[in-house]
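The values are calculated or read from the model by the stated rules, or taken from the named source; none is laboratory data. The model shown is predicted, which means the values in this text are computed figures rather than measured ones. Neighbour counts are summed over all protein chains in view; Cβ atoms, including those assigned to glycine, are modelled from backbone coordinates with ideal geometry. With ligands, DNA and RNA removed, areas are computed over all heavy atoms of the protein, side chains included. Shrake-Rupley method; radii C 1.70, N 1.55, O 1.52, S 1.80 Å.
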Amino acid sequence: MREQLAALREEGLAEVASAQNGEQLAAVEVALLGRSGRLTALLKGVGRLAAEERPLIGKLANEVKAALSQSLAAKQEELAAAELAQDLAGVGLDPTLPGPPAPFGAVHPVMQAARDLEDHFSSLGYVIWDGPEVESEANNFDALNIPADHPARESHDTIWMAEDTGPERFCLRTHTSPVQVRALRELGAPLRVVAPGRVFRQEAQDATHEHSFHQMEGLVVDKGVGVPHMLHAMNSLLEGVFGRKLETRLRPGFFPFVEPGFELDARCPFCKAGCRVCKGTRWIELMPGGLVHPHVLRSAGVNPNEYSGFAFGLGLSRIAMLRSNIDDIRWMMSGDLRFLRQFPS
Ligand SMILES: [Zn+2]
């Protein structure tokens, strides 16, 4: 009996090893360990053994069974892995290739307008400058010639920070103009700089008003800078934005940080009967600007007797809306994918 069990073990392991596929392996398993398999048949003879030999043979039989089962399981795994590899090769799938590309986002229309303008101004030698969105009262208003009692403050519905920030008050900047002061202090004169960024007002929202929107500030300070330089900069900017020359006109405008101040209007580039963009006036208000007020130069440490300059502001959100024919500013910051997906870059 011992010899028979040993032979079964040896032959069984060899049969398992030589199985070529899952089917053959299953047949080997049945032949070895099945109900009418070889091990079962052998064990039927245990009853004829001497009583003292029975437990020894039983133990040996269990060992043989365990060895065969283990070898069957290992072989099954090996065959399954081989079959999978074969299947993958069959359908032409290479598991080492990278997966399908993840979908890319697109550049937001406001950012696209900002980038195009940054390119335009960089090519003219301007520096792109950045400022914080939380700004001190001093930079947002005082340094720009808008003291506390100035009526212009009322047109800026300011969102103030909590009062416990110390002696200085802070707000969410209401315009990008404080970057003029920051850039001048840091870089000094002469200077050509543009500052794109987000600004905040406590506005009741409607199709043309939003609590957050984007502006771009431009500032040039040098010796002998005047209105003709400003006009050239503004006109070339519009040409850069809209890809063609636009007819423009200059109207007087009041902004505390410039003197004299202007509003630049452009001929409506979209005009047709019943035009919604210009509401039939054929002009659209695009850019306020003017010559930098001496007080602003002084508060940035620049001598106004030596240097002069011009500044202009541009509604980036407005430009993006005009370029893409968007009729409601609330779409811009909505984060609505149905809107954003219409602007693949
Ligand atoms: Zn129009």
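Shown are C278, C271, whose ranking by accessible area with a 1.4 Å probe and every protein chain present, most to least, is C271, C278.
By the rule of a C-alpha distance below 22 Å, with chain neighbours fewer than 8 residues away ignored, the lysines paired with K272 are K245. In the stretch 58-126, the C-alpha radius of gyration followed by the widest Cα-Cα span (Dmax) gives 30.8, 96 angstrom. Taking θ = phi - 60°, what integer Hz values does the Karplus form 6.51 cos²θ - 1.76 cosθ + 1.60 yield along the stretch 39-53, in sequence order, with x for Gly and Pro? Result, rounded to whole Hz: 5, 4, 4, 4, 5, 4, x, 4, x, 8, 7, 5, 4, 6, 7.
Modelled spin labels at L43 and H120, positioned 7 Å past Cα toward Cβ, are 9.0 nm from each other.
Placing one equal scatterer on every Cα of the chain and applying the Debye formula, the log10 ratio I(q)/I(0) at q = 0.15 Å⁻¹ is -1.22.
Can you give the net charge of the other residues whose Cβ lies under 13 Å from the Cβ of C275, counting K and R as +1 and D and E as -1? After counting each charged neighbour, the total is +4. What accessible surface, in Å², does a 1.4 Å probe find on W160, ignoring ligands, DNA and RNA and rounding to the nearest 10? Ignoring ligands and nucleic acids, W160 comes out at about 80 Å².
Beyond 13 Å, what percent of the Cα pairs of the stretch 156-195 remain? In whole percent, the long-distance tail amounts to 62.
Each principal axis of the stretch 2-90 carries a Cα extent, and these read 58, 19, 15 Å when sorted largest first.
For K65, the lysines whose Cα falls under 25 Å of its own Cα, not counting residues fewer than eight places away in the same chain, are K44, K75. Spin-label model, S18/R282: points 7 Å from Cα along the beta carbon direction are separated by 10.1 nm.
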